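Student: Here it is, the structure in full.
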Amino acid sequence: MIQFFFENTDEIALNPDIKSWLKEVIISENKKPGILNFILCDDAYLLAINRQYLQHDYFTDIISFDYTKGKIISGDIFVSLQRISENASQFDSGFEEELKRVLVHGILHLCGYHDKTEAEINEMRSKENYYLKTFPL
């Protein structure tokens, strides 16, 4: 079950295909969807989580809490809509495209991908780009 929640931000309309696309990403990674909560929020909300749980004092676009058991992908994924908007401007992409990239990035983390080393970052970006192309038009 994939759910979206809004904290400290106005609710936005999400593409109706987003949940089924995210499920397909999980299945394509030979995993099964479990309980996935996406909490869409503002910078201040995500900064507070970053400070409290990760002891990081900086803005970020996403934080994932992984509750995966075996092949069943579950977790809470916090996403700053303010960062998404800024990233979309910075990278000259649309808001929805950047949102999809960050959502799939969170799913890929729960599927076991990392982005600490150069090689991991390249693999993550490659996977993001691949799955973005699979989004229904």
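Student: Based on alpha-carbon centroids, what's the gap between region 76-137 and region 13-41 in Å, whole number please?
Tutor: Value for the Cα centre distance between the two parts: 13 Å.
Student: Hey, another quick one. Could you tell me what percent of the accessible area of region 82-137 is made up of carbon and sulfur, with a 1.4 Å probe and every protein chain present?
Tutor: 48 percent
Student: Based on alpha-carbon atoms only, what is the radius of gyration of the chain relative to the globular estimate 2.2 N^0.38 Å?
Tutor: 0.99
Student: Kindly count the pairs of lysines across the chain whose alpha carbons are less than 16 Å apart, treating pairs on different chains or eight or more residues apart as eligible.
Tutor: 18
Student: How much of the DSSP bridge set in region 32-134 is antiparallel, in percent, rounded to the nearest 5?
Tutor: 45 percent
Student: Using modelled backbone amide H atoms (1.01 Å from N, in-plane), which distant-in-sequence or interchain residues come within less than 5 Å of Leu40's amide H?
Tutor: Close amide H contacts, sequence-distant or interchain: Phe5, Phe6, Glu7, Val79.
Student: Dividing the convex hull volume of the alpha carbon atoms of region 30-79 by its residue count, what do you get in Å³ per residue?
Tutor: Roughly 77 Å³ of hull volume per residue.
The values are calculated or read from the model by the stated rules, or taken from the named source; none is laboratory data. Just so it is clear, the model here is predicted, and its values are computed rather than measured. Side chains included, ligands, DNA and RNA excluded: accessible areas come from the protein's heavy atoms. Shrake-Rupley method; radii C 1.70, N 1.55, O 1.52, S 1.80 Å.
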